[in-house]
Amino acid sequence: MGFYGEQILPRVVDKLLGNREFAKVRKEACAGLHGDVVEIGFGSGLNVPFLPDAVTGVWAVEPSSVAWKLAAPRVAQARVPLHQAGLDGARLDLPDARFDAALSTMTLCTIPDVDGALHEIRRVLKPGAEFHFAEHGHAPDNRVARRQDRFNGVQNRIAGGCNLNRDITALLTAAGFVVDPIRNFYLKGPKPLGYMYVGRARNP
Ligand SMILES: C[S@@+](CC[C@H](N)C(=O)[O-])C[C@H]1O[C@@H](n2cnc3c(N)ncnc32)[C@H](O)[C@@H]1O
């Protein structure tokens, strides 16, 4: 990754995903989290203020050192212990059936080996535990979906490997999760960027 990906992009993401509209989505995704939680793609810690009191600790997986620097003030103010827990969601150095919940926001679009990451999340979750997610991806409207496919390569290059067209429900189901509930909607702004999947996926 070059200077843009390492230094600029995490700062851009911190600003773009730190707005009020996303705050509502984060609140929805974090509601009901409890116990020890593993978060994939911790980024600059924008979910930290939304962690419910019932959370006892967060194990945060994040490859970007700049994102960690940006996260420092939020980590310092966190009410719960935060542990740096590795660099790659697809290779978790964490024990089987260890966590009460998992969290990911706007990250499944970017992880290169997304199937591997979902497999790992299931492995570290206790049976019956839930993966809370808020992700963007493949839209059901043909016109939007065609634009997502057309611009996916550009998005990949300018947004650090982000894909516009991953079908999050299909990926979760293929990984063996039971997806329920789920809420799909468009964010304000360009539709190809903003078709959302917000919900929970249970590790059966
Ligand atoms: C669009 S950002 C979202 C950050 C944060 N989840 C949020 O909601 O603000 C995607 C994040 O995924 C991280 N990421 C990229 N590849 C990853 C991987 N293999 N495992 C875990 N995180 C990864 C990036 O460094 C980046 O912080």
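Checking each residue in the stretch 82-106 for being more than 12 Å from the chain's Cα centre (by Cα) and either aliphatic (A, V, I, L, M) or surrounded by 17 or more Cβ atoms within 10 Å (Cβ to Cβ) (or both) picks out 82, 85, 86, 87, 88, 90, 92, 94, 97, 99, 100, 101.
Whether any residue in the stretch 61-75 is closer than 25 Å to residue 128 by Cβ, of a type outside the set (Val, Ile, Thr) and within 17 Å of the chain's Cα centre (by Cα) is what I want to check. Looking for residues that are closer than 25 Å to residue 128 by Cβ, of a type outside the set (Val, Ile, Thr) and within 17 Å of the chain's Cα centre (by Cα), one finds none in the stretch 61-75, hence no. Annotation note: of 22, 50, the sole residue that is of a type in the set (Phe, Trp, Tyr), within 12 Å of the ligand (Cβ to nearest atom) and closer than 20 Å to residue 168 by Cα is 22.
Please tell me if residue 2 is farther than 19 Å from residue 100 by Cβ, of a type in the set (Gly, Ala, Ser) and away from the ligand (no atom under 13 Å from the Cβ). Yes, satisfied. In the stretch 27-43, the residue that is farthest from the ligand (Cβ to nearest atom) out of those that are assigned to a loop (DSSP other than H, G, I, E, B) and on the phi > 0 side of the Ramachandran plot is 32.
Scanning the stretch 142-176 for residues that are under 19 Å from residue 201 (Cβ atoms) and either within 16 Å of the ligand (Cβ to nearest atom) or open to solvent by 20 Å² or more (accessible area, probe 1.4 Å) (or both) yields 163, 166, 167, 168, 169, 170, 171, 173, 174, 175, 176.
If the condition is being in a loop (DSSP other than H, G, I, E, B) and not small (Gly, Ala, Ser), then the stretch 148-185 contributes 162, 163, 164, 165, 166, 167, 177.
When you check residue 130 against the structure, is it in contact (Cβ under 8 Å) with a residue 24 or more places away in the chain, closer than 21 Å to residue 44 by Cα and not polar (S, T, N, Q), yes or no? No: the conditions fail for residue 130. No other residue among 45, 57 is open to solvent by less than 10 Å² (accessible area, probe 1.4 Å), over 21 Å from residue 198 (Cβ atoms), without any contact (Cβ under 8 Å) to a residue 40 or more places away in the chain and touching a Leu at 6+ places or on another chain (Cβ under 8 Å) apart from 57. Hey, any hits in the stretch 186-198 for a residue that's open to solvent by 70 Å² or more (accessible area, probe 1.4 Å) and part of a loop (DSSP other than H, G, I, E, B)? Yes, some residue in the stretch 186-198 is open to solvent by 70 Å² or more (accessible area, probe 1.4 Å) and part of a loop (DSSP other than H, G, I, E, B).
The values are calculated or read from the model by the stated rules, or taken from the named source; none is laboratory data. In this text, all values refer to a predicted model and were calculated from it rather than measured experimentally. As a convention, Cβ positions derive from the backbone with ideal geometry for all residues, glycine included, and neighbour counts pool all protein chains shown. Protein only, heavy atoms only, side chains kept; ligands, DNA and RNA dropped before computing areas. Shrake-Rupley method; radii C 1.70, N 1.55, O 1.52, S 1.80 Å.
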